[in-house]
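Some notes on the structure that comes next.
The values are calculated or read from the model by the stated rules, or taken from the named source; none is laboratory data. Since the model is a prediction, treat every value here as computed from it, not as a measurement. Ideal geometry is used to build each Cβ from the backbone, glycine not excepted, and the neighbour counts take in all protein chains shown. When the accessible area is computed, the model is the full protein with side chains, heavy atoms only, and any ligands, DNA or RNA have been set aside. Shrake-Rupley method; radii C 1.70, N 1.55, O 1.52, S 1.80 Å.
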Amino acid sequence: QVQLVESGGGLVQAGGSLRLSCTASGSIFRIDTWGWYRQAPGKQRELVANITRSGTTHYADSMKGRFTISRDNAKNTVYLQMNSLKPEDTAVYYCYAEIATTWLVSTNNWGQGTQVTVSS
């Protein structure tokens, strides 16, 4: 069983910054892909950014240039550095990881979510 735990959410003024962390634990053979998603009230969950084990990154257009995803494979941890935050960034942010528990078994895992609130 794999577990993902996020931290780092909170309240911040517009223009401020936050750094989210997510750590995986359990039966981990290899973490292939990390992702950050968010869901605002009344909206569907959307991709924020993802990163592969090798370090290839992808960002949603609205976050590009403001958010940075990174990972520490040795620590089984992914980060999301959020700068120049806007009120519209307010959402619950979820960590995602595609994790191989054996060489041929892949699992999709989600964290519990962490609230980010940006005040104007």
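Given R0 = 22 Å, the distance between the Cβ atoms of Phe29 and His58 translates into a calculated FRET efficiency of 0.40. The residues of the range 3-120 expose on average 51 square angstrom of accessible surface per residue, using a 1.4 Å probe on protein heavy atoms. Taking a straight Cα-Cα cut-off under 15 Å and skipping sequence neighbours fewer than 8 places away in the same chain, the aspartates and glutamates within cross-link reach of Lys64 are Glu46, Glu88, Asp89.
Note on Thr107 and Arg19: their simple-model spin labels are 2.9 nm apart, each label 7 Å out from Cα toward Cβ. On the accessible surface of the chain, probed at 1.4 Å, how many percent belong to carbon and sulfur atoms? Carbon and sulfur: 47 percent of the exposed surface of the chain. The alpha carbons of the chain stretch over 47, 24, 23 Å along the principal axes, in descending order.
Computed over the range 38-98, the convex hull of the alpha-carbon atoms projects to a mean area of 4.4 nm².
Centre-to-centre, using Cα atoms only, the range 88-115 and the range 1-24 are separated by 13 Å.
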